[in-house]
Ligand code: SAM
Ligand code: SF4
């Protein structure tokens, strides 16, 4: 399946819910977003149908996200159903990790291929400041559970926000002794356009990846570590848009994802579906296409037509758009 700009689109990110057990300051307001009514959210059978239709037109990879995907009831069975769908080659998940100790083994058995855990700091007080309600030990336990369940690779995603003053070297060093793939993501201007969400993105808070790379290397050398070098050999599967490096001899890698300082729009391979079944051709665009009605009517042809319509509307790039009407928790990151 190719879009109007010649890009092969074979990756679908599905938001399973807009609800979350955290309230990260860059993702949603303190009192949460106005939550969708139960009936508005795609049912498990709607999602299964969506995946079948998407696979029939060339989608091969699915990522489950949210809100927090693990708070969605029936998620393990959904993973089983998706992995059993002809044409789907892998199913991955982005999670804050809190529920992984209870669910990682079942998810692995259900066929989940890979897991990304979001974690922005190793400092307990700062973790509470960022997530507003979370405990660092819970997310760390989630990472351990993912490794123990045999997920490989386990990626740890950190959003970098200048005014937070995170300790990036401490983070990068997580990749040395464990097979963890740490990825730094530039803070993106998502949300705020509605003027009511209070997520507070500002350009001054963006740390361009090049700057961060230099900073980590300077600090590493000051501690007697050799600098990061381009990752060789066995790169983590699901490489995505990150550029990867490693400390010599490290078990894992350090990646930089630069949606702002180094657009990867020309390599974009994805569509996104919100929890209530709207297809977003681009993270930064508020144009959405409703696929829920067709799914609920059992109309595969109709759903396919909506997917093609959204595909046809994929812009060539995001043109540095600032702000979207939805928060990240509503879109699914
Ligand atoms: N709750 C899950 C989690 O946190 O992994 C999945 C959903 S969350 C919206 C997906 C990812 O988006 C997380 O890694 C989160 O850090 C990231 N994210 C949220 N808001 C962001 C922003 N403004 N810029 C960059 N990344 C953001
Ligand atoms: Fe929840 Fe993930 Fe958003 Fe944090 S980033 S509030 S964990 S959806």
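Where a number appears in this text, it was derived from the coordinates with a stated rule and is not lab data. All values reported here derive from a predicted model rather than from experimental measurement. Heads up, the Cβs are rebuilt from the backbone with ideal geometry, glycines too, and the neighbour counts pull from every protein chain shown.
Label-to-label distance, residue 218 versus residue 126, with points set 7 angstrom from Cα along the beta-carbon direction: 1.7 nm.
Can you compute the helix-only [θ] at 222 nm over the chain? Use -39500 (n - 2.57) per DSSP H run of at least 4 residues, normalise by all residues, nearest 500 deg cm²/dmol.
-8500 deg cm²/dmol
Comparing 274, 95, 287 in a Gaussian network model of the chain where C-alpha atoms under 10 Å apart are linked, the largest mean-square fluctuation is found at 287. Peptides 128-138, 107-117 ranked from most to least packed by the mean count of surrounding Cβ atoms within 10 Å: 107-117, 128-138. Projection of the Cα convex hull of the range 258-330, averaged over all directions and equal to a quarter of that hull's surface, yields 5.1 nm². Taking the chain as a Gaussian network of alpha-carbon nodes connected by springs under 10 Å, the highest mean-square fluctuation of the residues 62, 216, 185 belongs to 216. Shape summary of the range 238-285, radius of gyration then Dmax from alpha carbon positions: 14.6, 45 Å. For the chain, the longest principal axis of the alpha carbon atoms and the long axis of helix 100-110 meet at an angle near 50°.
Stretching the chain fully between residue 321 and residue 4 yields a gain of 112.1 nm (0.36 nm per residue, less the alpha carbon separation). Bridge orientation summary for the range 1-115: considering DSSP beta bridges with both residues in this region, about 10 percent are antiparallel.
Kirkwood-type hydrodynamic radius, the range 1-157: 16.4 Å, calculated from all non-identical alpha-carbon pairs. Structural size metrics of the chain, computed from C-alpha coordinates, are Rg and Dmax of 19.0, 63 Å. With the cut-off at under 20 Å, measuring from each backbone N in the range 141-156 to a point 7 Å along the Cα-to-Cβ line of residue 21 picks out 141-151, 155-156.
For the range 148-187, the Cα-based Rg and Dmax, in that order, read 11.5, 36 Å.
With one equal scatterer per alpha carbon and no solvent term, the Debye-computed log10 I(q)/I(0) for the range 76-168 at 0.25 1/Å reads -1.20. Can you grab the distance from the C-alpha centre of the range 1-68 to the C-alpha centre of the range 293-308, Å, no decimals? Between the Cα centres of the range 1-68 and the range 293-308 lies a distance of 16 Å.
Could you grab the relative contact order for the chain? Cα pairs under 8 Å, six or more apart, rounded to a whole percent.
Numbers: 689 pairs, mean separation 75.3, N = 333.
RCO, the chain: 23 percent.
Note: relative contact order over the range 211-313, using C-alpha pairs below 8 Å and six or more positions apart, is 14 percent. Dividing the C-alpha radius of gyration of the range 1-85 by 2.2 N^0.38 Å, with N its residue count, gives 1.24. Using only Cα atoms, tell me the angle between helix 44-56 and the longest principal axis of the chain; keep it within 0 to 90° and round to the nearest 10. It works out to around 90 degrees.
Note on the chain: antiparallel DSSP beta bridges, both residues inside, total approximately 25 percent of the bridges counted. Between 170, 54, 104, the Gaussian network model of the chain with springs among Cα atoms under 10 angstrom shows the greatest mean-square fluctuation at 170.
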